[in-house]
Amino acid sequence: MRTFSIPQIDDDCAPAIQRAIDLKTKPVGALGALEELALRIGTIQQTDTPELILPHHIVFAADHGIAAEGVSAYPQAVTNQMVQNFLQGGAAINVFCRQHGIGMTIVDAGVIGEFADAPGLVKSKIAPGTRNMLSGPAMTVEECVRAIDAGARIVDDIAARGTNIIGFGEMGIGNTSSAALLLHALTGTPLSDCVGRGTGLDDDGVARKLRVLTKAAALHAEARTPVEILAAVGGFEIAMMCGAMLAAAEHGMVLLVDGFIAGAAFLAAYRIEKAVYDYAVFCHQSDEAGHRHLLESLNAEPILKLGMRLGEGTGCALAFPLIRSSVNFLNEMASFESAGVSTSAS
């Protein structure tokens, strides 16, 4: 597997950035979370005049063998159909990326079926879906490493164009099952707290899903390293996203983390290289049951909590204008001195 050399962020510039924030024409702290965002992005970029260049979003798609066990309310064919929808510009993530001027790439990481060449499509299929993890590992360690490295190369190419802020999303029927198992295996969170409704299961469906995943967790309990765990219970899109996140941090990008599945990919990336954490902005708390526990395990506070559980990286695209606002106020808002505004009642 590629060795990721993620630069440690030097916090020495943070006091100067915080001072620039505090001297804007407002009471100290009056912009709340926007001030925290400005400080985080400025510290990542090591400047009090940060900029967001060529924002980009990647959606990784793949199928999951565990879908055969009835863990989703939708049939497996929806993965392929939704990729076609992405390529035609008709999904929610297309709408939001267009609205906010965010470039978009769709990656076939392991979807059943083939796609014609299309603008914005990257064909990086490891295999046509993972294996059913009730009969063995979802993928081999070698396949998992190939997926991680492929995701990193995709981000390398995007970074070469000048992009310095990147978001990640996913599509894959059955992938909340993988995310739940990854959260359980990587943090020890009880599996019952990790399993949710996914695409809209009723109570009986959630109970069935928990029974299936309990068997899978027991079968793969001996997996220990992050890569072994990813291979045992993950998905090609999750492993590829993990590598992409590590590469984004390696390139010094601002890394936008969406909901439950993207969060599970980030959790695996964090267990591989902890330095990735300092480049991350957590965009949205999903309504999926396990995501709150995942965020708590990372001590992460998301920008938005909108009750969504769509995936695709929609939380990243919706948070982006707030992220841009945090950068814009730092760059464009007058200081007390420049505006000639008094800083006290005297």
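Quick rundown of the values:
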item: Label zone at Asp202, where the point sits 7 Å out along the Cα-to-Cβ direction: segment 73-87 residues whose backbone N lies under 16 Å; result: 73-74
item: At R0 = 56 Å, FRET efficiency that the Cβ-Cβ distance of Arg131 and Met333 yields, to 0.05; result: 0.55
item: Computed lengthening from Ala221 to Asp10, 0.36 nm per intervening residue step minus Cα-Cα distance; result: 72.2 nm
item: Cβ crowding within 10 Å averaged over residues, with 200-209, 37-46, 86-95 ranked highest first; result: 37-46, 86-95, 200-209
item: Shape of segment 307-346, Cα gyration tensor, a/c cut at 1.5; result: prolate
item: Label-point separation in nm, Asn299 to Val95, each point 7 Å along Cα→Cβ; result: 3.8 nm
item: Cα gyration tensor shape of segment 1-148, rounded if a/c is under 1.5, else prolate or oblate by comparing a/b with b/c; result: prolate
item: Solvent-free Debye scattering, log10 I(q)/I(0), computed from the Cα coordinates of the chain at q = 0.13 Å⁻¹; result: -0.91
item: Lysine pair number, Cα distance threshold 29 Å (strictly under), segment 56-322, separation 8 or more or different chains; result: 5
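Coordinate-derived values only; no laboratory data. None of the values given here were measured: they were computed from a predicted structure. Neighbour counts run over all protein chains shown; Cβ positions are idealised from the backbone, glycine included.
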